[in-house]
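Data block below; observations after.
The values are calculated or read from the model by the stated rules, or taken from the named source; none is laboratory data. In this text the structure is predicted, and so the values were computed from the model without any measurement. Using ideal geometry, Cβ is built from the backbone for each residue, glycine included, and neighbour counts are taken over all protein chains shown.
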Amino acid sequence: MDVQAPSKYVTLISSDGFEFVVLREAAMVSPIVKGMLDPKSQFAEAKHARCVFQEISSIVLDKIVEYFHYWYRYRNSEDVPDMDIPVEICLELLAAADYLGLDQ
Amino acid sequence: MDQEEVSLPPLISGVSHNPRKRPRQPRLSSSLSVNSSDPAIFSSDDDPALDNYVEGRQKKKYIGSWFKHDPASSSDSTFGEPTVALGPKPKRTFRRDFDSGVFLGSDGTDSEGVPEVLDSPAKPKLPQVVVPKISAAEQKLRDRIERCLETGDEAIDFWQMNLCELSNDTIAPLSQFAHIPKITKDVAFEQKEPELKLYLAQNRLMRLPGALFDVTYLTTLSLRNNKLAEVPPAIGKMHNLQQLNLSQNRIRYFPVELLDLFKANNRLEGLSLFPNPLLPAEQSFESLLDDVGPEPFEVWDGAPWKTTENLPRFLTRRLGRSPVQTSESTGKITSVFTMKSATDAGIVRVEQIFNTKHESHGSPDPSDEPSVQQQTVSSTRVPSLVETVMRSAHRSPHLGEMASYIPDELSHLRTLCDRATLQQDQGGLVCSQCRRTIVTPALEWIEWREIRSFSESTRFGRAGKYRLVPISVRRDEINVPFIHRACSSRCGPQEQHAGWEFPQGTRGRTIGNIFYTGPLPGEEGTPSDP
């Protein structure tokens, strides 16, 4: 296998097997995902551009992916609308966000 | 004599034959506590079967003629046979169903059947809402508020009542206060907004409930001599407030939202902020103060503007700014300067002293306000996911429960939730710049301002002259610290002058030491004239 340019999209997989294909640049907002997908590293995730999150369910990962794109879309704009998060997943999402280092 | 008498069966000792004279079994209150209903007796029941209904009686069967009466249980043919005394009575088995579906009201004659004291209160099967306990003093205040609501009394005096805590539930009914108009003959019916006055002076309050700031019609709020450590930013919402007294507390700095009360559409007239242990600045702002001088402004009253409409009641100006504290959404502080260390040390370093601006003016038109937009390229306005989640949770009423579900390994998140709950209780934090609700401010810093009240002077002997009077005569109380909070670095501190700032919607202009309410001398129209 020769070295090829990293793909534009990465795949995030939830614990119950759902696959989310996300823009690589958007997913890079999380330092943890960024570290996993760093092409310089020899992680299996980086080689195949696939990250499996055994602890995150699809419902939560869906919101995280939504946040990735929310961040990507509004990162340079002045007027940022609020992202709506249902209360029932707040707790899990909070733990997941903390795990992914999304607190900057 | 020899006549044979009809032999009667021997009496059974211990058992009376008259059912009405049967001794009552001692009742056990524990067995009764399961059933407090009255015995089922109907007026139509006058047959012997009635006895079967009365609680505690055993059902009896009678066989044969009256003189052979014996409990059927003893034997079928008791004739001639000496019967031994019955053993211990069999345990009663007759029990009415718990919920018979028949309600029988008490007629007041059978109170003996109802035990006086129940041993243990019945345990509810469904989870019950825990009603937080409130102190006696707060209950008193609650009653007082209720009475005021009923009678339409607008002043609530609660001085020196040892009030330590004040919950949202106590204050919330006040926001429903409605003015009760006086109805007298020959007087026009008048509908007006209530003017509530709440005096909580000389208590021991440590913090204020958020519901207090939702009481729209509060015109006077006295919190003098309490133990308040902070004033929630929600105070800026009290548009009708005319008198505010925060003196003699433990306040280190005020929220910058307090300045919202100076805006033209608000009504604040009296403000007491001193004495409080306010955070002093490391450097003094003497050079700035000398620029204006200790003496109050001269006011030049322009002829064409006779109306006092839209004149400011308070003017402020920035003197200096502290370094900025930056923190992550989880509450971890990332900057060298921290607010806490500054508070502990009791003195704050000054990073910037603002430049004086000689001339400034206000205008009733908000679009005229100079908008300073400083863009930082590397920053974004998008909140972090942790912050986004916390803001969503902050809006919901279930935030308080969240903390209890967080496992011990994530204790830092629990701290975050607890802090957010506390903020929600007090009305929440907002970004000082963009007014968004925030949970963890990304930036915090302190700015010192000088406040002067703008009041009509009578010194010159005639009305229409105004002076800018310092709100405190003490030199060390000139610079008042205000805390600023920002959601992102784009809302961070911006370069601004130290000139007098006109609250939004007010008019007037200053040049040097002179305040002009009207056009400048020798000038026809003014630029700020709409």
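Specify the residue that is surrounded by the fewest Cβ atoms within 10 Å (Cβ to Cβ); the eligible residues are those in the stretch B:399-408 that are within 9 Å of another protein chain (Cβ to nearest Cβ) and more than 16 Å from the chain's Cα centre (by Cα).
Taking the candidates together, the pick is B:Pro407.
Would you mind telling me which numbered condition in (1) under 26 Å from B:Glu409 (Cα atoms); (2) out of contact with any Asp or Glu (no Cβ under 7 Å at 6 or more places or on another chain); (3) more than 8 Å from chain B (Cβ to nearest Cβ) A:Arg73 fails?
Of the numbered conditions (1) under 26 Å from B:Glu409 (Cα atoms); (2) out of contact with any Asp or Glu (no Cβ under 7 Å at 6 or more places or on another chain); (3) more than 8 Å from chain B (Cβ to nearest Cβ), the odd one out for A:Arg73 is (1).
For the list (1) more than 10 Å from chain B (Cβ to nearest Cβ); (2) exposed (fewer than 13 other Cβ atoms within 10 Å of the Cβ); (3) within 30 Å of B:Cys431 (Cα to Cα), I need the number of the one condition that A:Asp79 fails.
(1)
Could you check the stretch B:319-350 and list, in sequence order, the residues that are part of a loop (DSSP other than H, G, I, E, B), more than 14 Å from chain A (Cβ to nearest Cβ) and either small (Gly, Ala, Ser) or surrounded by fewer than 16 Cβ atoms within 10 Å (Cβ to Cβ) (or both)? Step through it out loud before you land on a result.
First pass over the stretch B:319-350, keeping only residues part of a loop (DSSP other than H, G, I, E, B): B:322-324, B:328-332, B:334-338, B:346-347, B:349-350.
If we keep only those that are more than 14 Å from chain A (Cβ to nearest Cβ) too, we end up with B:322-324, B:336-338, B:346-347, B:349-350.
B:Ser322, B:Val336, B:Gly346, B:Ile347, B:Arg349, listed by residue number.
Say whether the condition of being exposed (fewer than 15 other Cβ atoms within 10 Å of the Cβ), free of Cβ contacts under 8 Å to residues at least 60 places away in the same chain, more than 24 Å from B:Thr334 (Cα to Cα) and within 10 Å of chain B (Cβ to nearest Cβ) is met by at least one residue in the stretch A:48-58.
no
Could you check the stretch B:409-431 and list, in sequence order, the residues that are more than 10 Å from chain A (Cβ to nearest Cβ) and of a type in the set (Asp, Glu)?
Listed by number, the residues that qualify are B:Asp418, B:Asp425.
Kindly state which helices (runs of 4 or more DSSP H) lie completely within the stretch A:2-75 and contain at least 3 residues that are in contact with a Ser or Thr (Cβ under 9 Å, 6 or more places away or on another chain).
A:58-74
Hey, among the residues in the stretch A:83-102 that are part of a loop (DSSP other than H, G, I, E, B) and under 10 Å from A:Ser30 (Cβ atoms), which one's farthest from the other protein chains (Cβ to nearest Cβ)?
A:Gly101
Does the stretch A:60-87 hold any residues that are over 13 Å from the mean Cα position of the chain (by Cα) and over 15 Å from B:Val386 (Cα atoms), and which are they?
A:Arg73, A:Tyr74, A:Arg75, A:Asn76, A:Ser77, A:Glu78, A:Asp79, A:Val80, A:Pro81
Read through the list (1) within 29 Å of B:Leu443 (Cα to Cα); (2) out of contact with any helix residue (DSSP H, G or I) (no Cβ under 9 Å at 6 or more places or on another chain), then give the number of the only condition that A:Arg24 fails.
Unmet condition: (1).
Quickly run through the stretch B:160-202 and pick out the residues that are closer than 16 Å to B:Asp143 by Cβ, in a loop (DSSP other than H, G, I, E, B) and out of contact with any Leu (no Cβ under 8 Å at 6 or more places or on another chain).
B:Asn162, B:Ser167, listed by residue number.
Taking the criterion of being within 30 Å of the chain's Cα centre (by Cα), at pLDDT 65 or above and not assigned by TED's automatic domain parsing to the domain that holds B:Ala234, would at least one residue in the stretch B:371-380 satisfy it?
Checked the stretch B:371-380: no residue is within 30 Å of the chain's Cα centre (by Cα), at pLDDT 65 or above and not assigned by TED's automatic domain parsing to the domain that holds B:Ala234.
Condition check ((1) of a type in the set (A, V, I, L, M); (2) out of contact with any strand residue (DSSP E or B) (no Cβ under 6 Å at 6 or more places or on another chain); (3) modelled with pLDDT of 85 or more) across all residues:
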site: B:Arg96; (1), (2), (3): no, yes, no
site: B:Leu104; (1), (2), (3): yes, yes, no
site: B:Ser111; (1), (2), (3): no, yes, no
site: B:Val114; (1), (2), (3): yes, yes, no
site: B:Glu146; (1), (2), (3): no, yes, yes
site: B:Leu149; (1), (2), (3): yes, yes, yes
site: B:Leu163; (1), (2), (3): yes, yes, yes
site: B:Pro181; (1), (2), (3): no, yes, no
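Kindly list the number of the only condition in (1) more than 12 Å from chain B (Cβ to nearest Cβ); (2) closer than 27 Å to B:Ala393 by Cβ; (3) over 10 Å from the mean Cα position of the chain (by Cα) that fails for A:Met28.
(3)
Take the residues of the stretch B:137-159 that are surrounded by fewer than 15 Cβ atoms within 10 Å (Cβ to Cβ) and in a helix (DSSP H, G or I): which is nearest to the chain's Cα centre (by Cα)?
Across the stretch B:137-159, the extreme among qualifying residues is B:Gln139.
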